């Protein structure tokens, strides 16, 4: 959903809980009271037929219209509203699944490595009229973007990750001619894109160093007894781009005191206690944290005291 918009559901089906109906009506009343303008969006399926998705069991037109309605700021011009509606109504990518287990095509009773889901059941790419497409693995963003743009028919290929319990993108399927065109374009400006990537990497590295310096200073402010070199090490570890650690969270980037404290506590837990050894010996994480909790708090309290003058 685009910024500045909000989809407000309608009254719902007869079987919808009364509490939900009341909430929907309250939101609608609030939206109109704020002067927001309704904008109807069309939702379509990620299947070949691109059928319109249905929100209600009854398919009541009023209910369907209510669920398709977004509310936009009246400050947007008519042109911007139209463009916003067009962008949000754009069909989602077709999705092709890499098979993890044996399956049978609903039309030809065949099988294969890839399938696309349809109403009657899974279809092989031949029955889906997509067997002429070629696979472009993830990894080269420019090649993927250009091949997708040049291809009249394309699909996203996903694989279910059993460990993460979700589908993850593996690449795309595009027409062979589109891939050839994309490869030629990438070869033509490869050097320029490489230079641009180097500049971007240098820019991001500079931003990371500045952020880590700010975090180290905040650590010293909150924990005056923490050695400066240790504060720098904590900031470098917690603030590493792409690490997923607390320093890269929204609160961490804003140098929220609680987030910074969590980063310091995590460092103390791993570096100054036997926490890691407990985990390696098979102690559950929650139990290991409880065992070292008092020691972590003791060190944090000692660091919160003013450092030596």
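Structure above, values below:
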item	result
Residues satisfying the stated conditions in segment 146-167, i.e. loosely packed, with under 13 Cβ neighbours inside 10 Å and either in contact with a strand residue (DSSP E or B) (Cβ under 7 Å, 6 or more places away or on another chain) or at pLDDT 95 or above (or both)	161
Any strands (runs of 3 or more DSSP E) falling wholly within segment 132-217 and containing at least 1 residues that are within 22 Å of residue 50 (Cβ to Cβ)	155-161, 166-174
Tally of residues being surrounded by fewer than 16 Cβ atoms within 10 Å (Cβ to Cβ), farther than 12 Å from residue 171 by Cα and in contact (Cβ under 8 Å) with a residue 24 or more places away in the chain across segment 109-145	4
Where residue 282 falls short, out of the listed (1) loosely packed, with under 14 Cβ neighbours inside 10 Å; (2) part of a helix (DSSP H, G or I)	(2)
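Residue by residue, here is whether (1) within 22 Å of the chain's Cα centre (by Cα); (2) assigned by TED's automatic domain parsing to the domain that holds residue 269; (3) at pLDDT below 85; (4) more than 23 Å from residue 269 (Cβ to Cβ) holds:
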position	(1), (2), (3), (4)
205	no, yes, no, yes
209	no, yes, no, yes
216	no, yes, no, no
230	no, yes, no, no
235	no, yes, no, no
244	yes, yes, yes, no
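The values are calculated or read from the model by the stated rules, or taken from the named source; none is laboratory data. Everything numeric in this text was worked out from a predicted model, so none of it was measured. Positions of Cβ are generated from backbone atoms using ideal geometry, with glycine treated the same way; all protein chains shown enter the neighbour counts.
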